[in-house]
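**Q** Sending over a structure as structure tokens; questions will come in a sec.
Readers should treat all values here as calculations from the given coordinates under stated rules, not as data from a laboratory. These numbers come from a predicted model, not from an experiment. Here Cβ is always computed from backbone atoms with ideal geometry, including for glycine, and neighbour counts include all displayed protein chains.
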Amino acid sequence: MLQLFPAITLAEIDVLSVVLIVLALLGGVGAGVGLCKVLIGKTLGQARAEAKQIQARAEADAATAAEKIVLEAEREALERKEKAEKEFETERGELRETERRLAKREDAFDRKEESLAERERQLQSQSDRLRQKEEKFATREEALGKREEEIERLIAQQRERLLEVSGLSVEQATERLLRRVEEEKRHDVAKLVRKIEEEAEAKAKERAREVTLMAIQRYASDITSESTVRTVEIPSDDMKGRIIGREGRNIRAIEKATGVDIIVDDTPGVIVVSCFDKVRQQVAVEALQRLVADGRMHPARIEEVVEKVRAEMDERIQKFGKDAILEVNLRGVHPKIAEAMGKLHYRTSFGQNVLRHSIEVAYLCQIIAEQIGLDGRLARRCGFLHDIGKAMDHEMEGGHPKIGMDFAKQYGEKEPVLNAIGGHHADIPSTSFYTPIVMAADAVSSARPGARRESMERYVQRLTELQDIAMSMPGVTEAYAIQAGREVRVMVDAARVGDDEAYLIAHDIARRVSEEMTFPGEIRVTVLRETRAIEVAR
């Protein structure tokens, strides 16, 4: 107040003014209090009304919630009741089904019990009958025993009587009896052998033909027979004298350097080179051709040319071996084995190049092995190396299978390959499936038309051996080798040999031919038996 009215002093204010101010203040306070009371009363009324409304709504919500809870509880109780009724109904159905099955099983048990009782009665009846039969059998057995004793006694008496009459001992009589039985049963044995062979051939021939033909068709290489060069052409007969040299020193130098025999005869225009070793023979032929072309002929020049040709031949042999190994796709082959295989290029067997033959056998082995589920790679290796012994068999003792097996073993080849090398001519037993495969492929390669040729002397000798083996059989009257020695026709005496015994003769001839002769491919044995009825009309 003092700040609001700074110009008025306390002295200037009179008593009335003070009273009025006091009264005004008191009235304002009263009015404010009254107003506050009115406002507070009104607010309290509104709050009470709102509280009542809130309470009413809460009571209504609570009643609604309670009703919902009651309804939800009733619904859950109803669902539980329905579920319990369903489970009860299911259990009741299962119980009825179980009762039905039990009743059915009980009926089955009753029927089975009746059946068992019936069988028991039947068994009892059979047991009684068997007991009666046993008693009868015992009686008959006793009677048979007595009869057997009597028969043995009579047989002994007859045997003694027969021995007295015949004048033979028991051993002699037994021997004659066995001989007679053998003659009587020989026909049955021949028939059995024929039946077994026909069944085996019917099963095996078709499969073997299929595999062999497939192998031949898949490896249809050209077969060329290389002729070994044994002659060297010379421009004139004067060159023969220069080849011989003064006092024969040139020809001796050539023979010493090459290890061959030089034959200079009256044949015009050629000289002959003779040597078992085809590699040395090839070296000598090429050295002579160069010396003849060069014209210089003296021992020092001869040695120089021969050494040069021999070095070139060694390189050529290595190349032939490596090329062949690459062609058949082999791995891990020792260089010495490759060199030996290269030498086979200069070896021939019945006119067939042995290296080309080995390559062909390798592929045939692979095809056959794969057709019967074996390892084609290993079969190819066995077939390729099977004739490796021919590269050095003239330098060592023994046949080429054994020499080749020892040589391959020395340079790390494994057992299946070694057995195929040593056993492809049946010199040793086969210990793996690859050895018979090599034998079959070797025969296929050798027997192909044009693959091999043989000399006239050897051909005639083979035909004679075939006929001699056939004629040595009992009952054979004539034998002829036909089809260039691929078949032998045998005629037998119809009075001494039956139809089934003819099969035995054919089998025996084929076995002896396989054991005693060496031949490429296979030889068919045909036995002919005929009966001729001859009568003369007069």
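**Q** Would you list, by chain and number, the lysines whose Cα falls below 24 Å from the Cα of Lys81, excluding same-chain residues fewer than 8 positions away?
**A** In chain and number order, the partners are Lys68.
**Q** Using the Karplus curve 6.51 cos²θ - 1.76 cosθ + 1.60 with θ = phi - 60°, what ³J(HN,Hα) values do you get for each residue of the range 433-444, in whole Hz, with x for Gly and Pro?
**A** Calculated HN-Hα couplings, in order: 6, 6, 5, x, 5, 5, 4, 5, 5, 4, 5, 4 Hz.
**Q** Moving to a separate point now. So for each of 371-377, 285-291, 341-347, 381-387 I average, over its residues, the number of other beta carbons within 10 Å; can you give me the resulting order with the highest mean first?
**A** The most tightly packed comes first, giving 381-387, 341-347, 285-291, 371-377.
**Q** Still on this structure, I have one more. Return the sequence-ordered ³J(HN,Hα) values of the range 413-421 in whole Hz as given by the Karplus equation 6.51 cos²θ - 1.76 cosθ + 1.60 applied to θ = phi - 60°, using x for Gly and Pro.
**A** Result, rounded to whole Hz: 6, 8, 4, x, 5, 5, 5, 5, 5.
**Q** Compare the peptides 50-62, 354-366 by average per-residue count of other Cβ atoms within 10 angstrom and give them in order, highest first.
**A** 354-366, 50-62
**Q** Okay, next question. Output wanted: per-residue J couplings in Hz (rounded whole) for the range 256-268, from phi through Karplus 6.51 cos²θ - 1.76 cosθ + 1.60, θ = phi - 60°, x for Gly and Pro.
**A** Couplings: 5, 6, 9, x, 10, 9, 9, 10, 10, 10, 7, 5, x Hz.
**Q** What does the highest-first list of 406-415, 83-92 look like by mean Cβ count within 10 Å?
**A** Taking the mean over residues of other Cβ atoms within 10 Å, the ranking is 406-415, 83-92.
**Q** About the Cα centre, and with charges only on the beta carbon of Lys, Arg (+1) and Asp, Glu (-1), how big is the dipole of the range 456-529? Nearest 20 debye, please.
**A** So the magnitude is around 180 debye.
**Q** Okay, moving on. Quick one: which residues, 5 or more positions from Ile482 or on another chain, have an amide H under 5 Å from its amide H? H modelled 1.01 Å from N in the peptide plane, none for Pro or chain starts.
**A** So Ile482 has HN proximity to Glu487, Val488, Arg489.
**Q** Extent of the range 17-155 along each principal axis, from alpha carbon coordinates, in Å, largest to smallest?
**A** Largest first, the range 17-155 extends 189, 30, 15 Å along its Cα principal axes.
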